[in-house]
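> Mind having a look at this structure? Questions to follow.
Please treat every number below as a calculation from the coordinates, not as lab data. Please read these numbers as outputs of a predicted model, since none were measured by experiment. Cβ sites come from the backbone with ideal geometry, for glycine too, and all protein chains shown count toward neighbours.
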Amino acid sequence: GNLKCLYIKNDRVKRSFVSMGVDCGSQYDCVPGLAHLLEHLLFITPENTNEVNEFDSFLNLHNGESNAFTGDNMTVYHYELDTPGLEKSLQLFSHFFRNPMIEEKTIENEINNVDSEFQMGKDHDDYRISRMYEILIGKKFSVGNRNTFGTDYKILREKLEVLHQNHYNKMVIVIYSHL
């Protein structure tokens with residue numbers, strides 16, 4: 001794979017910030033919302049750890065928070081935390097990209113989370129305007145929901161693994177800290 005790193009040192013910041021951009025957006029979806037679903041699945045800790053949400057637990061211990069978003073041509077994962085936890089957080093974070101836990105049992109759970117995002121947003125004017133714009137420019141539905149994903153989790157898992165293998169090999173990480 002190809003990973004570029006930009007480290008920005010700033011002695012005035014008290015916390016550390018990390019952002020990973022991946023060359024995988026909704027334009028690569030063979031199933032509407034697949035890249036968005038993969039974004040959700042990657043925040044689940046890989047098999048080689050005992051605790052499912054080890055990264056989240058670690059961030060909580062260091063007053064941190066994380067989030068991610070999927071755009072047309074990229075997915076971005078980002079987090080911040082108190083600086084003493086930076087090194088260990090990078091180790092935990094790297095597992096998401098090297099050894100993702102894409103299992104049928106977790107796919108169903110994350111489909112429910114993606115569907116909840118869709119259900120919460122679909123009645124908001126901002127979402128409707130954005131979706132109208134997407135339709136006008138010929139863009140396919142990119143958020144995904146229970147209907148677009150279906151219930152054949154075995155096939156969905158295979159498609160997610162192919163998407164990961166084909167697109168999670170061009171990445172840029174930015175680290176902003178006083179270290």
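Conditions (1) small (Gly, Ala, Ser); (2) touching a His at 6+ places or on another chain (Cβ under 6 Å); (3) closer than 22 Å to Leu179 by Cβ, marked per residue:
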position: Tyr7; (1), (2), (3): no, no, yes
position: Ser19; (1), (2), (3): yes, yes, yes
position: Cys30; (1), (2), (3): no, no, no
position: Ile44; (1), (2), (3): no, no, no
position: Thr83; (1), (2), (3): no, no, yes
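> Let me ask another. Going through the range 145-169 one residue at a time, which ones are of a type in the set (Val, Ile, Thr) and in a helix (DSSP H, G or I)?
Listed by number, the residues that qualify are Thr148, Ile155, Val162.
> When residues of the range 143-161 are filtered for being surrounded by 13 or more Cβ atoms within 10 Å (Cβ to Cβ) and under 26 Å from Asn99 (Cβ atoms), how many remain?
Adding up the residues that qualify gives 8.
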